[in-house]
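Peer 1: Dumping the structure here so I can ask a few things about it.
Only the coordinates and a few stated rules stand behind these numbers; no lab work does. Predicted model only: the values in this text are computed from it and were never measured. We place every Cβ from the backbone using ideal geometry, glycine too, and count neighbours over all the protein chains shown.
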Amino acid sequence: MHSWTDTLRFAFQPVINLSTGGVAGLEILARPETGDVLAEARRDPELDGRLALLAVRAAAHKETLLPLHVNVFAGTLADLGGLTPLHDAVRQAGRLPWEVTIDVGPPFTHVPQPALLEAVSGLRGQGFRISADGVGDGDIPLRLLTDMAPDLVKLDASLLARPTAVRAMRTLCDGLGALLCVEGVETELQCAAALSAGAQLAQGDLFAPPSRLPAVDVYVPPRSPDTAPNPRSGPSIREFVRPAALLPATASAGQVRALLTGSPEVSGVLLVDRTGVPVRSVHRSRFLLSMSGPYGHALYAERPAAKLGDPPRTVGIDATAWEVLDVVAVGGRSRTSDDVAVVDHHGRCVGVVRLADLVRSLAESRVEEAAGLNPLTRLPGSDAITGEVDRCIADGRAFALSWLDVDHFKQVNDGAGFAAGDELIRSVGRALQRAASGSTRVGHIGGDDFLVLADPEELDPLAASVLDALWSASGRPVTLSLATVICAPGSVTDHRQAAGWLAPLKKTAKSLHGASWVLGHAGLPGHEVRRGSGAAPTRAEWAAAEPGTG
């Protein structure tokens, strides 16, 4: 009589890093040839636990070095109090617990939450990473999701039709210290939507369908300029993490050599202690050069590989790409090509980043930023500012969006000439840049129009610096008009709605005499006149004030 395990096979589907285009891990999927073992496993925790063990062993047979994702029903963890045999199975397979993510999946209804949370805590204590699976199409309560504090949240692709929900989940993930992954991506439009909504990882048939052999080649659509990372705040290092090649700190040089020669894509090996903390970094080229020298193999093969390594360069999982570049810049030039280890809040290695990935991404973002600069002031255009506005909204931050322009600028050009008008615009742009502080962003959207995005508390000094200045063009006095809308969290849904609230404030500011400033609040009626009074002068009145006229 044949057991159900005789007809059970496993398939592997890659999890893709959307920033690097590389494979960040492999999800192991049970594929029974007969029967519905998954339906049985949902009812039988012991069976589900056995499937998890078999999945790890199946991956060991494929000799993949990639991190693994193993599926387990939430009820199984609560019923069994965790997966006690899994830790030993992972070690026997030559893997380390922190290379394995437990995808905890629905249903969550009727699962005793205290027991589930206790099991999750136990797995995390052993070093396993935790993923909340099926979010958005499943039944996990939001409170339970936050209590689990997963390392990864997997969203159903159906939520991409509701980008506000995806952005909100990205905000939640940032607060939990988790990555956001979208499952079931099948089209390039869905991939672009996942990127623009803030997802860092994705999986689906677009990249590679599940297969019996771990995918070597995956398809990742080219990244459009609209989804380029923000170069000012600095992209998070989470977007660039690659799987790390890990060996115990006690590994011999021969073991490291066998790993490197069998895996040409591996650029280096990290030696970690029993808790997963990196203790030495072995660079591929330098190590193999030492081993290939005269008597190199005879001298080093049985000796600890740590003797041929260097102190690891590490950054925290919350670091930005710019901080990694600072780490790389410290030390000798011989180590600029070394991988940088990324560690979690316990110091355990969760992956590596490569300098080439960072440089390429940051260079692309700089090119895109330069292409959008106004040629007169070298300030970014409206797209850069409105993109920042949308990020503020997605992050749930209050912000102040201001519009500023030169009063009667056409008359400035007519009376003083285009050269004087251009110099005036450049001067206003420089003044705004000098006044900008903290996270303030200044944009030149064309002609004499500027946009300023700032924290509300930064408004007063910025406004004073430009409105109190004595402006002139070829001796002709010039005044500026400023309109500001303050947007509290939840008051607007996107930059277009913020601009809609700003438009009438701009019209009011232009109707006032002298340097003017009108301030309003999105979603609330009325406005406050902070500068200016009465009606603005007519064209004839303005012309009469010019030197040599009237």
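Peer 1: Residue 261 versus residue 427, label points 7 Å from Cα toward the beta carbon: distance in nm?
Peer 2: 7.3 nm
Peer 1: What value, in deg cm²/dmol to 500, does the helix sum -39500 (n - 2.57) over DSSP H runs of n ≥ 4 give at 222 nm once divided by the residues of the chain?
Peer 2: After summing the helix terms and dividing by residue count, I get -11000 deg cm²/dmol.
Peer 1: At 7 Å along Cα-to-Cβ for each site, give me the label-to-label distance between residue 360 and residue 325 in nm.
Peer 2: Modelled inter-label distance: 1.7 nm.
Peer 1: I would also like to ask the following. How would you classify region 246-359 from its alpha-carbon gyration tensor, with a ≥ b ≥ c the square roots of the eigenvalues: rounded for a/c under 1.5, else prolate if a/b is greater than b/c, otherwise oblate?
Peer 2: Because a/c hits 1.5 or more and a/b exceeds b/c, region 246-359 counts as prolate.
Peer 1: In addition: Is the shape of region 4-222 rounded, prolate or oblate, going by the alpha carbon gyration tensor and its root eigenvalues a ≥ b ≥ c, with a/c under 1.5 for rounded and a/b larger than b/c for prolate?
Peer 2: Oblate.
Peer 1: In square nanometres and to one decimal, what's the mean projected area of the convex hull around the Cα atoms of the chain?
Peer 2: With every direction weighted equally, the projected area is 30.9 nm².
Peer 1: To continue, here is another question. Taking R0 as 35 Å, what's the FRET efficiency between residue 39 and residue 187 from their Cβ-Cβ distance, rounded to 0.05?
Peer 2: With R0 = 35 Å, the Cβ-Cβ based efficiency is 0.75.
Peer 1: Among all helices in the chain defined by DSSP H, which have a length of 18 Å or more along the axis from Cα atoms plus a Kyte-Doolittle mean of at least -1.0?
Peer 2: What comes out of the filter, once short or polar helices are dropped, is 45-61, 113-126, 163-176, 355-371, 382-395, 418-435, 495-510.
Peer 1: Okay, moving on. Hey, can you rank 315-322, 194-201, 172-179, 463-470 by average C-beta count inside 10 Å, highest first?
Peer 2: Taking the mean over residues of other Cβ atoms within 10 Å, the ranking is 194-201, 172-179, 315-322, 463-470.
Peer 1: What full-extension length gain, to one decimal in nm, is calculated for residue 149 and residue 279 as 0.36 nm per residue of separation minus the Cα-Cα distance?
Peer 2: Gain on extension, residue 149 to residue 279, equals 44.1 nm.
Peer 1: Using mean Cβ contacts within 10 Å as the protection proxy, how do 263-273, 141-151 order, highest first?
Peer 2: Going from most to least packed, we get 263-273, 141-151.
Peer 1: How do the peptides 104-110, 389-395 rank, highest first, by the average count of neighbouring beta carbon atoms within 10 Å per residue?
Peer 2: By packing density, highest mean first, the sequence is 389-395, 104-110.
Peer 1: Could I ask something else about it? So what J values fall out for region 304-309 if you push phi through Karplus, 6.51 cos²θ - 1.76 cosθ + 1.60 with θ = phi - 60°, rounded to Hz, Gly and Pro as x?
Peer 2: After applying 6.51 cos²θ - 1.76 cosθ + 1.60, I find x, 5, 4, 5, 9, x Hz.
Peer 1: Separation between the residue 84 and residue 110 pseudo-spin-labels, each 7 Å from Cα along Cα→Cβ, expressed in nm?
Peer 2: Placing both labels 7 Å beyond Cα along the Cβ direction yields 2.6 nm.
Peer 1: What are the lysines whose alpha-carbon lies under 20 Å from the alpha-carbon of residue 506, with same-chain residues fewer than 8 places away excluded?
Peer 2: Straight-line reach from residue 506, under 20 Å: 410.
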